[in-house]
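Beneath this line is the structure, given in structure tokens, with notes to follow.
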Amino acid sequence: MEIEEYIPHQKYSETEKQDIFNNEFMPHIHSMYNFGYRLTLDRDDAKDLVQDTYLKAYRFIESFQKGTNAKAWLFRILKNSFINDYRKKSKEPSKVDYQEVETYYNSEEVDRQITPDLRVESLKDMIGDEISNALNSLDVDFRTVIILCDLEGFKYEEMAKILDIPIGTVRSRLHRARNLLKEKLKSYAKSMGYNNA
Amino acid sequence: MATSQNPFVQADGKKPTCMEMLQVILDGEATVEQKDYFKTHMDHCMPCYKEYNVDMAIKELLQAKCCGGNCPEGLVEQIRSKINSTTA
């Protein structure tokens, strides 16, 4: 493991390891499973991914400093496992060049609203799976920042560490992701009969 | 409202756009002062008011529909048993 997070920084007794695992890691298992599911879009893969993540977390527990941000550390391990072990075998369509997208979105020319006319009323009628489908249909990099920010409440700095990207990139990716999500929701709203969604 | 009182203004003195202020709010990065300023700003900026309400409705919908509930039954036990077998 070349990642800095996995270099042991302290020594724990077996009791301390169990204590950290039970009290600091396990309380996040439901959020971890949801993150795994939203990344893989498959419940069995999500289960395997979460299990692998917790086993890795236990194996490298001495690189975790007791009392620090366990949730962000676990999310980072899960995200890395997903990239290394699952993303390769997934059948996702070929990727666009995100650096290009992000550079474009950092430029002043695109500081505008893509979907200014999506209405709150049309969103309130989305009581089924529309929002979940819209989220799942986003490319995984955009989906991830929405999950981390809006579902899990991580801050820019935490997201930057989890994703290994600069804070400016987190911000621009979130901006782009929100606009893409709104575009999807707007087309759902139109299909539900809101002509001026 | 004077720019000098705008808590969104960065150290370089650049005045933020409406969209930049809204993003700080949506991303959960705003300070109490920034939230208060933006609330007052929305009183006289209809596009911000509308966009804020749509964005917050999406956020609420995401939280209500995409948080996924609990992990599958047995997963916790499976993890514990794998760890016990490797440490035994």
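The values are calculated or read from the model by the stated rules, or taken from the named source; none is laboratory data. Computed from a predicted model, the values in this text were never measured in an experiment. Using ideal geometry, Cβ is built from the backbone for each residue, glycine included, and neighbour counts are taken over all protein chains shown.
Listed values, structure above:
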{"quantity": "Checking residue A:154 against (1) buried (at least 21 other Cβ atoms within 10 Å of the Cβ); (2) away from chain B (no Cβ under 11 Å); (3) not in a helix (DSSP H, G or I), the condition it does not meet", "calculated": "(2)"}
{"quantity": "From B:83, B:79, residue being within 8 Å of chain A (Cβ to nearest Cβ), at pLDDT below 95, in contact with a Leu (Cβ under 8 Å, 6 or more places away or on another chain) and closer than 30 Å to residue A:56 by Cα", "calculated": "B:83"}
{"quantity": "Sole residue being outside any loop (DSSP other than H, G, I, E, B), basic (Lys, Arg) and farther than 21 Å from residue A:82 by Cβ, chosen from A:182, A:161", "calculated": "A:182"}
{"quantity": "Residues of region A:60-73 satisfying the condition of being of a type in the set (Lys, Arg) and either at pLDDT below 95 or not assigned by TED's automatic domain parsing to the domain that holds residue A:17 (or both)", "calculated": "A:66"}
{"quantity": "Tally of residues being more than 7 Å from chain A (Cβ to nearest Cβ) and either in contact (Cβ under 8 Å) with a residue 40 or more places away in the chain or surrounded by fewer than 17 Cβ atoms within 10 Å (Cβ to Cβ) (or both) across region B:25-46", "calculated": "12"}
{"quantity": "Subset of region B:1-24 (residues that are loosely packed, with under 13 Cβ neighbours inside 10 Å and not acidic (Asp, Glu))", "calculated": "B:1, B:2, B:3, B:4, B:5, B:10, B:11, B:13, B:14, B:15"}
{"quantity": "Output for region A:118-148, where each listed residue is part of a helix (DSSP H, G or I) and of a type in the set (D, E, K, R)", "calculated": "A:121, A:124, A:130, A:141, A:143"}
{"quantity": "Whichever residue in region A:42-87 is under 17 Å from the mean Cα position of the chain (by Cα) and of a type in the set (S, T, N, Q) and, among such residues, is farthest from residue B:86 (Cα to Cα)", "calculated": "A:69"}
{"quantity": "Residue under evaluation residue B:57, criteria (1) part of a helix (DSSP H, G or I); (2) at pLDDT 95 or above; (3) among the aliphatic types (A, V, I, L, M), criterion not met", "calculated": "(2)"}
{"quantity": "Qualifying residue in region A:88-96 (condition: surrounded by 14 or more Cβ atoms within 10 Å (Cβ to Cβ) and at pLDDT below 95)", "calculated": "no"}
{"quantity": "Helices (runs of 4 or more DSSP H) fully within region A:1-69 counting 2 or more residues that are β-branched (Val, Ile, Thr) and more than 10 Å from chain B (Cβ to nearest Cβ)", "calculated": "A:14-20"}
{"quantity": "Within region B:65-76, tally of residues that are at pLDDT 90 or above and more than 8 Å from every other protein chain (Cβ to nearest Cβ)", "calculated": "1"}
{"quantity": "Single match in A:174, A:185, A:148 (criterion: at pLDDT below 95 and in the same structural domain as residue A:118 (by TED's automatic domain parsing))", "calculated": "A:185"}
